[in-house]
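Notes for the one structure printed next.
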Amino acid sequence: MERRKVLRLFFVSTLAAVIAPKFSFAQFNQLEKLDFSSLDFGTDFKWGVATAAYQIEGAHNIDGKSPSIWDTFSHKKGSIKTGENGDIACDFYHSYEKDLDLLKSLNMTVFRFSIAWSRILPNGSGTPNQSGLDFYQRVIDACLARGIEPWITLYHWDLPQILQDKGGWKNRDAIVWFSEYANLLTKTYGEKVKNWMVFNEPSAFTALGYLIGYHAPGLKGLKNYLPTVHHVCLCQAEGGRIIRKNVANANIGTTFSCSHVDVYKSEERDGNAAKRWDMLLNRLFIEPALGMGYPTESLPILRKLNKYIQPGDLEKLQFNFDFIGVQNYTREVVKENAFIPYMKGLEIKPVKRGAMEITEMGWEVYPEGIYKILKQFAAYPGVKKIFVTENGCAFPDEVVNGKVNDTKRIDFYQRYLKEVLRAKKDGVNIGGYFSWTLLDNFEWSECFKPRFGLVHVDFKTQKRIIKESGYWFKDFLLSP
Ligand code: BGC
């Protein structure tokens, strides 16, 4: 079951009728001639792809790497229903040179990737693993040799297991561990890498991993979730400060999973539930960084965070980020439901307004949502610049005669990009757009089935085929 569905089920009362979304591919627009080109975004606009270490690297136990929480979780029987894991994934560890060639061939100039903490600090802290450090040095050099800018995310969900054994993010010591890790990375790579992001989607990894247990490390309940939220928020700002201190001329951001939230039917009845979801999904992690504190007004249960806040913490939650990474895939439609615990009647439903377009993840295709969420984030006075650090879609691709004719994905990108451009023309300061993602990869608890890549991967042979959507980007990025 895909993860938004799991979150939904968590919040949806058993008494609620779940409205099944209907597939209707007839709804997808025909591919039209575009009325915009990449140049409309500006000549300094960055175009790239985003990736994550655990989803692509493989090489899970070689050259000194220790297990991360995802190695442990995916190896634990019953955690992931297909029993698959990221041991090999796309084997990017060995194939990064040719994968970066592919990226270059698509006319993209940014490669966003994350570092596997347990590859460079197998004990979580202490003595670094030189082979691990060397691997990322080679990736950075391979990017630079191709004229591709490396953009590093410090943390994309794969905490060293050895730190999880000490409580992981739930333990306040996580601030010390994370600071040491961030210092090591920025001091090692800061000469060559100028673009840094602290976290990938804190609302996703804290809720999925520490509240509902659907992702690693598989923990549940507010007693795990609330301290995790606070320590992650503190590390978010501390990470920013460490990058600032160690990297001259750094461009520093952090990314957020975010979706425009709509009210299901009646503003009066469902409006408060929609506010609660907006708070959990879109506001909980950015507002403390902007100096606004935790947004607890519509969800009093979050006031329990106070238990973990120590004197001086509220100031330490703040950091003046150079940019914010907006990561958007769909929108959320929210309904009031009196039977839901914790969240006071928060029910998230697939909207049923006639047939709807959905991706293989069950997520609604709603291009206007990216426009709306960009406007929502840009409205914060403290947000100076935005990069769309992830946007993309999974569809059941087929290889026919050596080609993958993924017209639905091309259609998705065309329609979403049009909305990004609309926001930009409305004055939102958007600096770039990174597709999720270069390669089909290990899609966390959904394993290898959902394919998000611009490049098809045969996981048995590791053969790559550029999909038509990849070729579409290649042409688009050269379009006059
Ligand atoms: C995550 C990626 C994930 C993608 C598609 C994003 O939330 O950052 O790791 O693969 O969504 O589900």
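Please treat every number below as a calculation from the coordinates, not as lab data. Values in this document were obtained by computation on a predicted structure and should not be read as measured data. No Cβ is skipped: glycine too gets one built from the backbone with ideal geometry, and neighbour counts run over all protein chains shown.
Before moving on, here are some points about what is shown:
- Length added when fully stretched, residue 123-residue 474, from 0.36 nm per residue minus Cα-Cα: 122.2 nm
- What the pair-distance distribution of the stretch 3-476 shows, using all Cα-Cα distances binned every 10 Å from zero, is 4, 21, 33, 29, 12, 1, 0 percent.
- Whole-angstrom gap from the stretch 426-440 to the stretch 75-89, using each part's C-alpha centre: 30
- The length gained by stretching the chain between residue 62 and residue 368 to full extension, at 0.36 nm per residue less their Cα-Cα distance, is 105.7 nm.
- Kirkwood hydrodynamic radius of the stretch 193-318, Cα pairs, Å: 15.6
- Taking a ≥ b ≥ c as the square roots of the eigenvalues of the Cα gyration tensor, an a/c ratio of 1.5 or more together with a/b no larger than b/c marks the stretch 29-153 as oblate.
- The chain: calculated mean residue ellipticity at 222 nm from DSSP helix runs of at least 4, using -39500 (n - 2.57): -10500 deg cm²/dmol
- The stretch 24-115: trypsin sites (Lys or Arg not before Pro) in DSSP loop, at most 11 other beta carbons within 10 Å: 33, 77, 81
- Modelled FRET efficiency - R0 35 Å, residue 145 with residue 40, Cβ distances, 0.05 increments: 0.70
- Spacing of the two label points (7 Å from each Cα toward its C-beta) at residue 266 and residue 449, in nm: 3.7
- In terms of the mean number of neighbouring beta-carbon atoms within 10 Å, the peptides 250-256, 196-202, 267-273 order highest first as 196-202, 250-256, 267-273.
- Treating each Cα of the stretch 49-120 as one equal point scatterer and applying the Debye formula with no solvent, the log10 of I(q)/I(0) at q = 0.15, 0.18 Å⁻¹ comes out as -0.55, -0.74.
- The label-point distance for residue 176 and residue 77, in a model that sets each label 7 Å from Cα toward Cβ, rounds to 3.8 nm.
- For the stretch 286-337, a Kirkwood hydrodynamic radius built from all Cα pairs, placed in the Stokes-Einstein relation at 10 °C and 1.306 mPa s, yields a translational diffusion coefficient of 117 µm²/s.
- C-alpha center-to-center spacing [the stretch 220-252, the stretch 157-193] in angstrom: 10
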